[in-house]
Amino acid sequence: FDPARRMSCCHILLWSLSLVHLVLVADSTDSAECMSMVQRQASPLRRVKPWEVYNYVTANYHKAGVFLTEELHNKIFQLLGAKESDMGKIEFPCYDICTNTEAPIIVFTDGFNASWRAGHPGSKPLLVAGSVRDPLKMVASAYCYHHEGNELPSQLMPTGTLMLLGPEEGTQLAAEHMLQQVEWMASIFAKPDNNTLRLDFDTLTESSSGFDGEVKRLMDHYFGSGDRFLTVEQRSKILDEVKTLDEHRNSSADLSPYNGKSHSSSPKCQRKAYSAVAQMDSGLLRKYQQLQEMLGYPVYSI
């Protein structure tokens with residue numbers, strides 16, 4: 001007996017048995033339900049969600065792009081179909097806004113650090129990304145931001161006092177309150193591992209081309225450059241829609257949804273404050289210079 005013919009007969013027999021089964025099912029069930037079953041069999045496999053494979057933390061720190069990176073994080077994952085239950089927020093201090101802290105997708109403000117990371121291994125690999133800035137520019141920006149009364153009240157910074165102080169005293173006080181956050185930032189991003197992406201605040205904010213480049217790096221880090229997690233169309237849609245967060249394209253992108261004020265500090269004030277850093281306590285200044293060196297920035301010289 002010809003083996004090829006035997007195989008062909010077997011295929012016909014199996015197909016016939018399947019057809020008989022389908023007819024029997026149709027006799028015993030509602031026709032609409034039967035059609036639904038056939039459609040499910042014919043539909044392609046569901047694409048796996050990235051947060052089913054990885055946990056995500058987008059880390060940000062005061063005056064290094066907190067609002068921008070949080071908006072970027074939320075927009076990307078929401079466009080990918082993440083539900084409210086998939087996303088959470090951790091902040092230091094927590095105020096009253098820490099939510100869903102065990103979610104697989106977290107935005108972590110002002111507190112993400114190496115010790116926390118080591119103490120929360122999780123059940124899935126963790127991918128981390130965050131925006132990093134020169135520590136002393138963060139201090140200068142923080143002084144100006146709070147001196148101008150742009151965030152009232154604040155548990156992180158002594159805003160009431162900073163509003164009354166000039167650049168020399170103000171940068172000293174701001175630096176004292178910022179030190180822990182900057183040390184935490186350096187503990188993650190000074191020597192990032194392969195699962196950690198360091199975005200550059202200046203590149204992200206100084207031009208539209210820089211913004212686009214950093215967003216692409218973020219997308220590739222979180223989801224890879226292929227189509228395992230998202231289609232070419234999804235990737236293109238996300239890259240296009242997040243452009244509304246680029247203040248060079250959208251002048252209102254920098255405005256707070258809470259009070260309508262800008263998240264940026266006056267450039268003139270920042271220049272004065274950065275010069276005033278020279279008057280800072282020498283021991284405190286040295287700590288910041290060491291942090292600048294750790295993070296690869298030019299070290300401030302008097």
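Since every read-out is calculated from the coordinates, none of them should be taken as a lab result. Everything numeric here is computed off the predicted structure, so don't read it as measured data. Reconstructed Cβ throughout: ideal geometry from the backbone, glycine too, with neighbour counts over all protein chains shown.
Values computed for the structure shown
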| quantity | calculated |
| --- | --- |
| Hydrodynamic radius (Kirkwood) for region 91-157, which is based on Cα pairs only, to one decimal in Å | 14.4 |
| Euclidean distance of C-alpha centroids, region 170-185 and region 69-133, integer Å | 22 |
| When each of Lys137/Lys243; Lys75/Lys243; Lys124/Lys237; Lys89/Lys237; Lys83/Lys237 is checked by Cα-Cα distance, pairs over 20 Å | Lys137/Lys243; Lys124/Lys237; Lys89/Lys237 |
| Overall Cα dimensions of region 180-237, principal axis frame, Å, largest first | 41, 27, 14 |
| Region 78-237 - charge dipole about Cα centre, Lys and Arg +1 at Cβ, Asp and Glu -1, debye rounded to 20 | 660 |
| Modelled FRET efficiency - R0 41 Å, Lys237 with Lys268, Cβ distances, 0.05 increments | 0.55 |
| Extended-chain gain in nm, criterion 0.36 nm per residue less alpha-carbon gap, Leu284 and Ala114 | 59.0 nm |
| Inter-label distance for Lys216 and His248, nm, one decimal - labels placed 7 Å from Cα along Cα-to-Cβ | 1.4 |
